[in-house]
Amino acid sequence: MDLEIVFLGTAASGPSAGRAPTATLLRRGGDRVLVDCAEGTQRQLMRSIYGLPDVPEVLLTHFHADHYLGLPGMLKTFALRQREEPLTVYGPPGLRDLFGDLRRLIGRLSYDVELEEVRAGEALERDGYRILVFPVHHGVSAVGYALVEDDRPGRFDVETADALGVPNGPERGALQRGESITLADGRVLTPDAVLGPARPGRRIVLSGDTAPTETVQVLAEGADVLVHEATFTDDERERAAETLHSTARQAAGLARSARVRLLALTHVSPRHPPAAVLAEAESVFVPTVVPRDFDVIEVPFAERGEPRLLRKAARPARGSAPPGELEASELPDAAA
């Protein structure tokens, strides 16, 4: 099953000419999860190859404006498209108060918006994976999120299955799914007879805004990808500490200690050239990338290779119109 991280906004507090503020789309099979929704997120989606999908849920890390300001406009656009399916917004304590203030901007919608306040230690169970909520250190009500897949069955040993007389067909499929079978001679075989040790699923950790903290390191232990903020470089370490943000060097040190497969640095300030941010991090932890808007990280299973950054993979091919722009012309007249 495909697993991708789509970077829609990679800037720090405000947009720059080349970067929008924070928004990240997680794609797992047919599932879509939007983490943070800064100013302009719906337009970033419209400019991407995905268009503006009716995402079923949005996860907010905290309530600084550069992480939620795009929500009112996006929710209103969904209503203009006559959406009917409910949308759930998750966030730390304070989420309901935030929406109490936003209601005057959003107005009436054609669908229900459900609000779920989450706390560190909780898990959002999904089909085949769960989203863990963990505490970060940012001076306000804030959390990070980790997408953690369920373990997979071990490798199927064909030679052992042949020796045991397991016929080719549905019996082998049942064993691979973890089910016991009964052979024609009455023998009962359990999956462990032909399957190796369980293989771990994939893990993606998104820190949100935070100073370096042990909780992120613990959740990121052995992760396939750690998406961590790097608002500052090391020459502004004191400023980073004052504002409870991280430097590129600090994020890299955390990734090295957690032994992640790939570190992706986001929340990049226009004061710091991306090349300088990358160089500082790579001096501590080599498998580091600094994604730009519309970059994608593919996350394969460990036995199939390393996570890799695909530059501008979320942008349409040159000369073709983004799906969102095609959809915009089909909106009801009330959108004008």
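The values are calculated or read from the model by the stated rules, or taken from the named source; none is laboratory data. From a predicted model like this one, the values you see are computed outputs, not experimental measurements. Please note: Cβ atoms are built from the backbone with ideal geometry, for glycine as well, and neighbour counts cover all protein chains shown. With ligands, DNA and RNA removed, areas are computed over all heavy atoms of the protein, side chains included. Shrake-Rupley method; radii C 1.70, N 1.55, O 1.52, S 1.80 Å.
Observations
- When the helices of the chain are scored as -39500 (n - 2.57) per DSSP H run of n ≥ 4 and the total is divided over every residue, the value at 222 nm lands at -7000 deg cm²/dmol.
- Taking the charge dipole of the chain about its Cα centre, with +1 at Lys and Arg Cβ atoms and -1 at Asp and Glu Cβ atoms, the residue from I297, L278, L71 reaching farthest to the positive side is L278.
- Net charge dipole size for the range 1-98 [Lys, Arg +1 and Asp, Glu -1 on Cβ; Debye, nearest 20]: 260
- C-alpha long axis of helix 95-106 to longest principal axis of the chain, angle in °: 60
- Taking the convex hull of the alpha carbon positions in the chain and averaging its projected area over all directions gives 20.4 nm².
- Across the range 124-132, rounded Karplus estimates of 3J(HN,Hα) from the backbone phi angles (6.51 cos²θ - 1.76 cosθ + 1.60, θ = phi - 60°) give 9, 7, 10, 6, x, 7, 9, 10, 8 Hz, Gly and Pro being marked x.
- Classified by the C-alpha gyration tensor, the range 223-269 has a prolate form. Its axis ratio a/c, with a ≥ b ≥ c, is 1.5 or above, and a/b is larger than b/c.
- Relative contact order %, the range 1-51, counting alpha carbon pairs below 8 Å whose residues are six or more apart: 32
- In the context of the full set of protein chains, the range 71-156 has a per residue accessible area of 49 Å² (1.4 Å probe).
- Coupling constants for the range 8-20 follow from the phi torsions by the Karplus curve (6.51 cos²θ - 1.76 cosθ + 1.60, θ = phi - 60°), and in residue order they are 8, x, 10, 7, 6, 4, x, x, 10, 4, x, 9, 8 Hz; glycine and proline get x.
- The chain - charge dipole about Cα centre, Lys and Arg +1 at Cβ, Asp and Glu -1, debye rounded to 20: 720
- Computed over neighbours whose Cβ is under 13 Å from that of R259, the net charge equals +1, Lys and Arg +1, Asp and Glu -1.
- For T88, nonlocal amide neighbours, meaning residues 5 or more places apart or on other chains whose placed amide H falls under 5 Å from its own, are E57, V58, E114.
- Of R130, R103, R27, the one that fluctuates the most in a GNM where the chain has Cα springs shorter than 10 Å: R103
- Helix 248-258 and the longest principal axis of the C-alpha atoms of the chain enclose an angle of approximately 20°.
- Among D150, D224, D127, residue whose mean-square fluctuation peaks in a GNM of the chain (springs only between Cα atoms under 10 Å): D127
- The convex hull around the C-alpha trace of the range 217-295, projected and averaged over every direction, spans 4.9 square nanometres.
- 19 Å cut-off, amide nitrogen to a point 7 angstrom out along D97 Cα→Cβ, residues in the range 136-158: 136-144
- Percentage of interatomic Cα-Cα distances in the range 9-96 larger than 18 Å: 40
- The chain: angle of helix 71-80 to the longest principal axis, Cα-based, in degrees nearest 10: 80
- Judged by the ratio a/c of the largest to the smallest principal axis of the C-alpha gyration tensor, the range 85-150 counts as oblate, that ratio being 1.5 or greater while a/b is no larger than b/c.
- Gaussian network model of the chain, Cα within-10 Å springs - most flexible of L254, L183, L262: L183
- For the range 79-184, the relative contact order comes to 19 percent (Cα pairs under 8 Å, sequence separation of at least 6).
- Averaging 1/r across all pairs of distinct Cα atoms in the range 130-215 and inverting the result yields a Kirkwood radius of 15.9 Å.
- Rounded, prolate or oblate (a/c below 1.5 giving rounded, otherwise prolate when a/b exceeds b/c) for the range 1-155 by Cα gyration tensor: rounded
- Point-to-point label distance, E85-D192, nm (Cα→Cβ direction, 7 Å offset): 4.0
- Local net charge near L105, Cβ-Cβ under 15 Å (Lys/Arg +1, Asp/Glu -1): +1
- The local environment of L132, defined by Cβ-Cβ distances under 12 Å, has a net charge of +1 under the rule Lys, Arg +1 and Asp, Glu -1.
- Relative contact order %, the chain, counting alpha carbon pairs below 8 Å whose residues are six or more apart: 18
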